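Input: a single structure, listed below in structure tokens.
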């Protein structure tokens with residue numbers, strides 16, 4: 001039986017009187033693209049953050065099985081979770097979180113420089129990712145000189161330049177028009193599951209979600225259903 005890459009069980013999380021997660025179980029398998037859907041307040045972003053070790057649950061556990069080792073992410077201290085995120089996880093956000101004063105290649109290289117890699121080496125490793133994502137010749141442009149879709153591709157490159165095996169994306173196309181959304185989603189899938197990595201994303205868009213292998217529906221902090229995506233409809 002295949003062991004899940006991420007194995008989450010009985011996750012709960014409250015913020016004051018608000019229940020964000022009410023006993024969530026979820027398995028994510030290596031190489032899959034999994035979309036988490038739900039209305040605002042359904043708990044989908046909280047679930048993403050717990051799976052990624054950004055937020056600790058009030059109870060429950062998230063196990064990561066990678067490189068022959070199983071780690072309970074929820075029992076790691078802050079330093080170890082930060083290290084795990086830097087080494088194993090990549091992140092793409094709706095607002096991109098790029099540094100506007102830096103160029104495209106500098107933004108991507110920054111993810112490596114944070115780990116201690118010298119700038120020249122980091123930029124050498126960053127350049128092929130920008131080229132792969134269709135940004136060849138734009139390496140020295142600042143973020144304000146790029147379109148929204150181009151900037152989001154920079155964010156996708158930054159998320160993976162470290163060799164992350166899992167990319168977490170929170171509304172990665174939410175600020176884009178429909179055509180650009182499709183282009184960015186195609187680039188995201190090609191550069192993650194298309195290269196053997198795993199993608200977990202949160203989206204409001206059923207059109208975006210259907211391009212993933214699995215669609216997990218949430219309501220009121222619970223998983224209320226699961227649907228097949230591209231794996232069946234393709």
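The values are calculated or read from the model by the stated rules, or taken from the named source; none is laboratory data. Everything numeric here is computed off the predicted structure, so don't read it as measured data. Neighbour counts run over all protein chains shown; Cβ positions are idealised from the backbone, glycine included.
Worth pointing out:
- Condition check for residue 201: buried (at least 20 other Cβ atoms within 10 Å of the Cβ), in a strand (DSSP E or B) and under 15 Å from the mean Cα position of the chain (by Cα): yes
- Residue in the range 138-161 that is modelled with pLDDT under 90, touching a helix residue (DSSP H, G or I) at 6+ places or on another chain (Cβ under 7 Å) and under 24 Å from residue 82 (Cβ atoms) present: no
- For the range 46-59, a residue qualifies if it is surrounded by 18 or more Cβ atoms within 10 Å (Cβ to Cβ), out of contact with any helix residue (DSSP H, G or I) (no Cβ under 7 Å at 6 or more places or on another chain) and more than 21 Å from residue 87 (Cα to Cα), and exactly one does: 46.
- Condition check for residue 181: buried (at least 21 other Cβ atoms within 10 Å of the Cβ), without any contact (Cβ under 8 Å) to a residue 60 or more places away in the chain and in contact with a helix residue (DSSP H, G or I) (Cβ under 9 Å, 6 or more places away or on another chain): yes
- On inspection, residue 189 passes the criterion of being outside any strand (DSSP E or B), touching a residue at least 60 places away in the same chain (Cβ under 8 Å), under 15 Å from the mean Cα position of the chain (by Cα) and buried (at least 18 other Cβ atoms within 10 Å of the Cβ).
- Residue list for the range 42-59, restricted to those being without any contact (Cβ under 8 Å) to a residue 60 or more places away in the chain and part of a loop (DSSP other than H, G, I, E, B): 53, 54, 55, 56, 57, 58
- Among all residues of the range 218-225, there is none that is surrounded by 14 or more Cβ atoms within 10 Å (Cβ to Cβ) and either more than 20 Å from residue 13 (Cβ to Cβ) or under 15 Å from the mean Cα position of the chain (by Cα) (or both).
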